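Read through the structure below, which is laid out as structure tokens, and then see the notes.
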Amino acid sequence: MKSSNLPWYKKSVIYQIYPWSFKDSNADGVGDLKGIIEKLDYLNDSTNQSLGVGAIWLSPIYPSPMKDFGYDISDYCNIDPRFGSLEIFGELVSKAHDRGIKIIMDLVTNHTSSLHPWFIESRSSKNNPKRDWYIWHDPKPDGSEPNNWISVSGGSMWTLDEKTNQYYLHNFLAEQPDLNWRNKEVQEEMKKIMEFWIAHGVDGFRVDAASHFVEDEQFRDDPANEKYIEGKTSPYEKFSHTFSTNQPEVKEVINLMCNICSENKDIFIVSETYLGLEDIKRFYRFCDTPVQAPFNFQLMGLPWSAQNFRTAIDTYNAALLPEDVPIFVLGNHDRMRLASQRGIHQARAAAVLLLTLRGTPFVYYGEEIGMHDVGIPPQKMRDGFAETLGNSFSRDPQRTPMQWNADDHAGFSTVEPWLPISKDFKEVNVAYQETDPYSILNLYKTLIQYRNISDTLLLGTYRSINAEAPEIYAYVRETKNELLLILINFSGVTITEPLATRKYTMICTSNLDIPKGTQISESITLRPHEACILRLEK
Ligand code: GLC
């Protein structure tokens, strides 16, 4: 098989855009769809001057009160006026498609906004026809919450609605009431919504909060988590969520979504789940058609060592079938940025890792220029989770505006943006890095462009091998014609690794300073946190 015959979601690098922060085209301090259209050539102009991504995932752009920045939807079939309109969305889809870029919509169907007309109806009376579209429960005899379930964003999962004296359930903020996926009308409505967006040209969905879709029907208490350490672990870890998440019926919801997608050629679903390996394995088998995969977030929190990464990646690959698509993720809008969590050299090595593993890589906007988390003063914080969980849980630092150039407001906007710009924007920006042949941006471009045309990276097998130095994680991607050897130095010291007697050619190093095609034999010297790709023709 040639990689050109693969479905798009098995051969594309997917780039996550946080629309609030990508590019402001109308001087209101907030990014928008026209801004994204302006930057499509940066993402992929069909030459190797651009990043070369094959798809973009748009974090939510639906109308929303923005209590959770779009993850609280008040109308599933429209675009928030801050970002544009359905017409501009159509323009984005068609211009993206012209450049070979697919569009993935964020599908937030675990919950709606409390201002969604469905919830307004549902809460209006106990016998409203939409009452059962959400999850309502009587208080305990003493008036307290029905059980001990806690929400991801802090506090109880239950809020009392005084008008009808019943509690409603919310896995996230009180302004994000959970839909009742056991209700057939809700299921029908969701099908229509997916079909609506497919008819508008989208190529895939990123399914938000998939493990939270269904809760225990008997509302049993969650058991305490013995590993929880007050003040150290996130408050959500206080309980093992045995009854409040990851229930068997999640399979039916995913199945329903897959059926809609498999009726429409080439639509891909990627689900947000924070599951252990056994559950992930089951998740892959939820649908008969190979159109869906769960994210693997395990690498994001893993302590930086060759052994940890090797074990995690080997175990994951061994658990999956050859046709499964592993989706390793190193960053997103909920987690600390790579350069802040690991350091900038490690971020470069991580780029080599992510873009040479088996599967479909997701890159969060700004990672390609090594953006850092930005310290946000409390009075400028916007994330609703900071109000309930405390400022240290705010996700604003990783959501700041994209740094395009050294102009005012980093070329993101002509006015003060919704979140502050990083102080380092004069050096860390696209325009500057485009002129620097050794920049992290040029590393991402080199890696993505290489991956796009490499049958070995797209189709080859994966196997890790023992390096002489324990600080080096080494693995091979292989087809019958070619072998690629990837070596990553996880330590802060220079290491020379022997290469038996074989003659390799250099594809690239994370420092970008050894020319492609250089012959490498006997050994390779890797500087601190350096990674490289070597090629061997068979
Ligand atoms: C997902 C999103 C997160 C959001 C939450 C509630 O975890 O990634 O940003 O707050 O769902 O929708």
When segment 188-235 is examined, which residues are found to be of a type in the set (Gly, Ala, Ser) and not in a loop (DSSP other than H, G, I, E, B)?
Ala199, Gly204, Ala210, Ser211, Ala224
In this structure, is Glu175 within 15 Å of the ligand (Cβ to nearest atom) and either open to solvent by 10 Å² or more (accessible area, probe 1.4 Å) or out of contact with any helix residue (DSSP H, G or I) (no Cβ under 8 Å at 6 or more places or on another chain) (or both)?
yes
I'd like to verify a number: residues in segment 399-413 that are surrounded by 15 or more Cβ atoms within 10 Å (Cβ to Cβ) and assigned to a loop (DSSP other than H, G, I, E, B), how many?
9
Only one of Gly201, Gly143 is away from the ligand (no atom under 16 Å from the Cβ) and closer than 30 Å to Gly54 by Cβ; which?
Gly201
So, first residue free of Cβ contacts under 8 Å to residues at least 60 places away in the same chain in segment 178-192, second residue assigned to a helix (DSSP H, G or I) and aromatic (Phe, Trp, Tyr), Cβ within less than 7 Å, six or more apart or across chains; the pairs are Asn180/Trp133; Asn183/Trp133; Glu185/Trp133; Val186/Trp133
If a residue counts only when it is closer than 23 Å to Lys11 by Cβ, which strands (runs of 3 or more DSSP E) contained entirely in segment 419-538 have at least 1 such residues?
461-465, 472-478, 482-489, 495-509, 531-537
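Looking for whichever is small (Gly, Ala, Ser), away from the ligand (no atom under 16 Å from the Cβ) and open to solvent by less than 70 Å² (accessible area, probe 1.4 Å) here; the options are Gly276, Gly301. Which one fits? Outline the logic, then answer.
On the way: Gly301 fails: away from the ligand (no atom under 16 Å from the Cβ).
Sole residue among the options that is small (Gly, Ala, Ser), away from the ligand (no atom under 16 Å from the Cβ) and open to solvent by less than 70 Å² (accessible area, probe 1.4 Å): Gly276.
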Among the residues of segment 113-134, is any under 24 Å from Asn332 (Cα atoms), more than 15 Å from the ligand (Cβ to nearest atom) and in contact with a helix residue (DSSP H, G or I) (Cβ under 6 Å, 6 or more places away or on another chain)?
no
In segment 313-324, which residues are open to solvent by less than 10 Å² (accessible area, probe 1.4 Å) and of a type outside the set (Phe, Trp, Tyr)?
Ile313
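Does Asn183 fit the bill of being under 30 Å from Phe268 (Cβ atoms), under 26 Å from the mean Cα position of the chain (by Cα), open to solvent by less than 50 Å² (accessible area, probe 1.4 Å) and polar (S, T, N, Q)?
Answer is no for this residue.
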Which residue out of Asn481, Asn442 is touching a residue at least 40 places away in the same chain (Cβ under 8 Å) and either open to solvent by less than 40 Å² (accessible area, probe 1.4 Å) or under 25 Å from Leu51 (Cα atoms) (or both)?
Asn442
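Can you find, within segment 150-159, the residue that is nearest to Phe172 (Cα to Cα) among those that are within 16 Å of the ligand (Cβ to nearest atom) and touching a strand residue (DSSP E or B) at 6+ places or on another chain (Cβ under 8 Å)?
Met157
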Give the residue that is farthest from Ser510 (Cα to Cα), with candidates limited to residues of segment 380-398 that are modelled with pLDDT of 95 or more and outside any loop (DSSP other than H, G, I, E, B).
Lys380
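The values are calculated or read from the model by the stated rules, or taken from the named source; none is laboratory data. These figures come from a predicted structure and were not determined experimentally. Neighbour counts run over all protein chains shown; Cβ positions are idealised from the backbone, glycine included. Heads up: the accessible areas ignore ligands, DNA and RNA and are worked out on the full protein's heavy atoms, side chains in. Shrake-Rupley method; radii C 1.70, N 1.55, O 1.52, S 1.80 Å.
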